[in-house]
Each structure stands twice: as structure tokens, then as C-alpha cells.
Amino acid sequence: MSDLQDAAPQSGEKLDLIYGLNDRPAPFVAFLAALQHLLAIIVSIVTPGLLICLALEVSREETNMILSMSLVISGIATFLQCKKVGPFGTGLLIVQGTSFNFIGPIIGIGSAMVAAGTPVNQVMAAIFGVVIAGSFIEMGVSQILPWVKKLITPLVTGIVVLLIGLTLIKEGLISMGGGYQAMQDHTFASADNLIMSCTVLAIIIVLNRIRIVWIKSSAILIALVIGYILAGFMGYLDFSGLKDAPVIQIPTPMHFGLSFSWGLFIPMAFIYLVTSLEAIGDVTATSKLSNQPVDGPQWMQRIKGGVLVNGANSLLAGLFNTFPSSVFAQNNGVIQLTGVASRYVGIWIAALLILLGLFPAVAGVIQAVPQAVLGGAVMVMFGAVAASGINILSSIHLDRRALLIIAISLALGLGVAQVPQILEHLPELFKNIFSSGVATGGIAALILNVVLPETHK
């Protein structure tokens, strides 16, 4: 997510770093810095997979495996970004994790497939098949970035990111009420669920009022830990998933098999394009913070390498049964906080992520948290995605043309998301293409951006 692009210093201003890009901190110092990065991202890495698995009613054992692989794959991607292996990676302190952008289409279309009678394993096979297919879009984009940037402008990107955030808020509210399982057993929005979710939300708000920077940056994690303890006192922690969990999770490629769904591929393809452009902003922000060039051939090489890893890692994610990953922007805040921009710290982060992923007990403990507790945090996270879209749109000149494009794109995207019956009598191909609000709004923004001429004063 690119919600912290503005965290970079202004052009020409250099950050006073304790450890520069190529400095090697002492092992203990590197470990402590890596731990701070880990605390900033671990919730964000596992949350998308957990929400998708809960919504699609994936078994506990398989959810454990998916969450474990999210950590492992994020670790591999982080290593590639920091180390830079051939054309892969940026050579910056870049951390990668499971992307929030894909949650909406995956849950929306996956749930429809389950409701239509498709077995869960077949739905997961289709999802991972699409994840693999979509990864080639991102890898291709990395080679034609200048052309793609002309076609998908900040106006289009801002609209799509805003739509992603707005469509995710529904999923956040469902989590606050206790999730899809609570809807089935008629405990949705019960007093206990609302107490847990609202407590977490309130704690996040309170902690953000505190002036101590590290508390602000860890607010979501602290709130979830307190929510976790509260759930334990209320008798809602369920550790049954730990009983059958293996001691070590051996990565198993294509556990669910592979299939394909055009209905899922269309919105996912569009999001892959947007995620590629988000990565440009995130890599540029990290370059600024590391006192590195933000234009010229070296910068462009880093951009290409960063987007290439985004795609290659999504390919790995699909093969090893987890969801697409992208560059995380929140770690830019940690670089500012610590003054440590050494890419060698990233190798420590990668090692910690892989180690955590190989021990399923970690995923089991995370899985034990009630969805209502998670809901209080994801409302903030999903709101941050929408706010990121608004931030992108606020950076451009909103003339009559731009406002018209925003108005039509949001109306169509949110309209389809709220009233999918509007597509009922369309041919199957068009129904597949426009079944996602993000895809509908994104396609509208892209077409209007080309069709409506820009007026230059």
C-alpha cells in the first residue's frame, strides 16, 4: 500500500541516517532494527489470508498452511528486494507482504462460487491459478513501465485504490460483527463481538493520540494483543487449530491443484496493474529516505527490479498456496523512526519471516484470535487503503474533467458492488468482466481518461 509515500523527505532534503544503504550494522543492532520492521508488518501480512480463508470457510489445517506460506513467501520477496539478485530487486531496504488490494475480488467472487455449489478446494485452485496467471502481467509491466505510466495516470490509480478501500469496508464491518460464521450461527453483531471489536478500534484511536513515535507506529499490533487478551478473558480464544498442526510446515506446491476463472481474472488483472504503479511510489519514497536518486537510470533500474519481484513473488505465492504480495509502504515510517536504511537489515527481516512461516504454531496462535477482534483493526487498515486513494487524487489538479471521471467511475464501481443484479441479463462474458466493482470502476476510469481530452492552460 502506498499510504506513506508522503513520509519521504521533500525533494533536496536529506535524512540524517545512522546507517546508510550499504552500511553493515552490528548483528545485534541489525536484529533489533529488523524486529521493529517485523512488528510493523506481521499483522498486515497474515490478515488478508486469514480474512479470505474465514470468508470461504477453508479448513483450519489448510488455513494454517496458507498463513505460514504468506510469511515464507514475504520473506523470500523481502530478501530479493534487499539483496538484489540479477534483475530481481531494488537493492533498497524494501519489505514485501501480502497485498490488501486483492481481498475484495477474491472474497466476492470466491463466495459466489462457493454459494453456487463449487467445492472449496476447487475455488482455491481457481484463485491460485489466477494468482499465477496475473503475476505475468506484473512481470511484463516491469519491462514497459514508461508506456504503462502514460496510460494509467495518478487519476486512474487514485480512483482504483479508493474503490478498493471503499469496497473492503463492507468486509471490515462483517469482521467487526463476528464474520461469516457468526452470520450462520446467528451471533452476528452480538454484544460480545461488538465489545471486542470496538475495544480494539478505540485503543488504536487512543494510542494514536500519544506523542511517542514507536507507540503510534505499533498501535495496531498493541491493540490486537490487548484484544487477544480480552477475548481470552471472555472465553473466545480457540486453540483447537494447534492440536493437529505439524511442528514444521514443509512448503507443498499446488496443494489444492490449479484451475482458472475468467470472472476472477479480469478484476485481478486490473489490480495487478495498479499494484505495479503503487510499487513505483513506494520504491521512490524508500529511495528518498535512503538518500538515493529518485530519477535517472539507477532509479529506473530499481523501479523495474522492484516491480519484477512483485510479479515473480506472486507467481511463487500462487504455486505455494498463498495470495499475491506487494511492496509495503509502512516500513518507510520505521526507517525514519530508527535512522537505519541499511539493506542488510532487510536480510534479517527476511530470515525472521521465513523462520516464523516454517513453524505453523505461529499461524495457529494468530488463527485463534476471534474475527471480531481482527475486525476492529481491519476497519482502520481498510480505511487507510481508501485514504491512500484520496491522497493520490489530492495530489493532482481536480478540474471539471477529472471530477467527471471520478464521479462516473465511483458511481459505476460502487453501484455494481452494491446492486450486482444490474448485470443479471448481460452475456456471461460481460458479467464476468464487470462483476467486480473495482474492475467496473477501473475500466470506466481508464476509458474516460483516454476518451475525454485533457485541456492544457
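The values are calculated or read from the model by the stated rules, or taken from the named source; none is laboratory data. Given the structure is predicted, the values throughout are model-derived calculations rather than measurements. Here Cβ is always computed from backbone atoms with ideal geometry, including for glycine, and neighbour counts include all displayed protein chains.
Remarks
- Residues within segment 394-410 that are assigned to a helix (DSSP H, G or I), surrounded by fewer than 18 Cβ atoms within 10 Å (Cβ to Cβ) and either under 24 Å from the mean Cα position of the chain (by Cα) or charged (D, E, K, R) (or both), tallied: 3
- Boolean, Leu201 is outside any loop (DSSP other than H, G, I, E, B), within 30 Å of Glu138 (Cβ to Cβ) and not polar (S, T, N, Q): no
- Some residue of segment 51-66 being closer than 29 Å to Ile408 by Cβ and either outside any helix (DSSP H, G or I) or in contact with a helix residue (DSSP H, G or I) (Cβ under 7 Å, 6 or more places away or on another chain) (or both): no
- Restricting Val380, Val385 to those that are among the hydrophobic types (A, V, I, L, M, F, W, C), touching a residue at least 40 places away in the same chain (Cβ under 8 Å) and under 23 Å from Trp214 (Cβ atoms) reduces the list to Val380.
- Single condition Ile103 does not satisfy, out of (1) touching a Phe, Trp or Tyr at 6+ places or on another chain (Cβ under 9 Å); (2) at pLDDT 90 or above: (2)
- Within segment 448-457, the set of residues being part of a helix (DSSP H, G or I) and among the polar types (S, T, N, Q) comprises Asn449 only.
- Qualifying position, being under 21 Å from the mean Cα position of the chain (by Cα) and on the phi < 0 side of the Ramachandran plot, among Ile174, Ile195, Ile203, Ile212: Ile174
- Where a residue in segment 283-306 is in a helix (DSSP H, G or I) and its partner, wherever it lies, is among the aromatic types (Phe, Trp, Tyr), with Cβ under 8 Å and at least six apart: Thr284/Trp299; Ser287/Trp299; Gly305/Phe88
- Residue count for segment 317-336, restricted to those that are among the hydrophobic types (A, V, I, L, M, F, W, C) and closer than 15 Å to Leu289 by Cα: 4
- Among all residues of segment 112-131, there is none that is surrounded by 24 or more Cβ atoms within 10 Å (Cβ to Cβ) and either farther than 26 Å from Glu61 by Cβ or touching a Cys at 6+ places or on another chain (Cβ under 7 Å) (or both).
- Boolean, Tyr236 is under 22 Å from Thr47 (Cβ atoms), touching a Gly at 6+ places or on another chain (Cβ under 9 Å), modelled with pLDDT of 80 or more and among the hydroxyl-bearing types (Ser, Thr, Tyr): no
- Of everything in segment 247-259 that is surrounded by fewer than 14 Cβ atoms within 10 Å (Cβ to Cβ) and in contact (Cβ under 8 Å) with a residue 12 or more places away in the chain, the residue that is nearest to Ala439 (Cα to Cα) is Gly257.
- Screening the candidates Ala417, Ala445 for the property of being farther than 18 Å from Leu264 by Cα, at pLDDT 80 or above and part of a helix (DSSP H, G or I) yields one hit, Ala445.
- Of the criteria (1) under 14 Å from Leu155 (Cβ atoms); (2) modelled with pLDDT of 85 or more, which one Glu454 fails: (2)
- Just so you know, in segment 315-364 the residues that are assigned to a helix (DSSP H, G or I), at pLDDT below 90 and among the small types (Gly, Ala, Ser) include one that is farthest from Pro267 (Cα to Cα), and it is Ala361.
- Any hit, segment 282-290, residues being under 17 Å from the mean Cα position of the chain (by Cα) and either among the charged types (D, E, K, R) or over 17 Å from Gln96 (Cα atoms) (or both): yes
- Pairs, first of a type in the set (D, E, K, R) in segment 429-457, second modelled with pLDDT under 90 and surrounded by 21 or more Cβ atoms within 10 Å (Cβ to Cβ), C-beta under 9 Å, six or more apart: Lys431/Gly263
- Residues of segment 365-393 satisfying the condition of being β-branched (Val, Ile, Thr) and either surrounded by fewer than 21 Cβ atoms within 10 Å (Cβ to Cβ) or at pLDDT below 85 (or both): Val365, Ile366, Val369, Val378, Val380, Val385, Ile390, Ile392
Per-residue answers, yes or no, for (1) buried (at least 24 other Cβ atoms within 10 Å of the Cβ); (2) polar (S, T, N, Q); (3) within 16 Å of the chain's Cα centre (by Cα):
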position: Glu278; (1), (2), (3): yes, no, yes
position: Val294; (1), (2), (3): no, no, no
position: Met300; (1), (2), (3): no, no, no
position: Gly306; (1), (2), (3): yes, no, yes
position: Leu319; (1), (2), (3): no, no, no
position: Gln336; (1), (2), (3): no, yes, no
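- Looking across segment 248-284, just one residue is closer than 28 Å to Pro420 by Cβ and charged (D, E, K, R), and that is Glu278.
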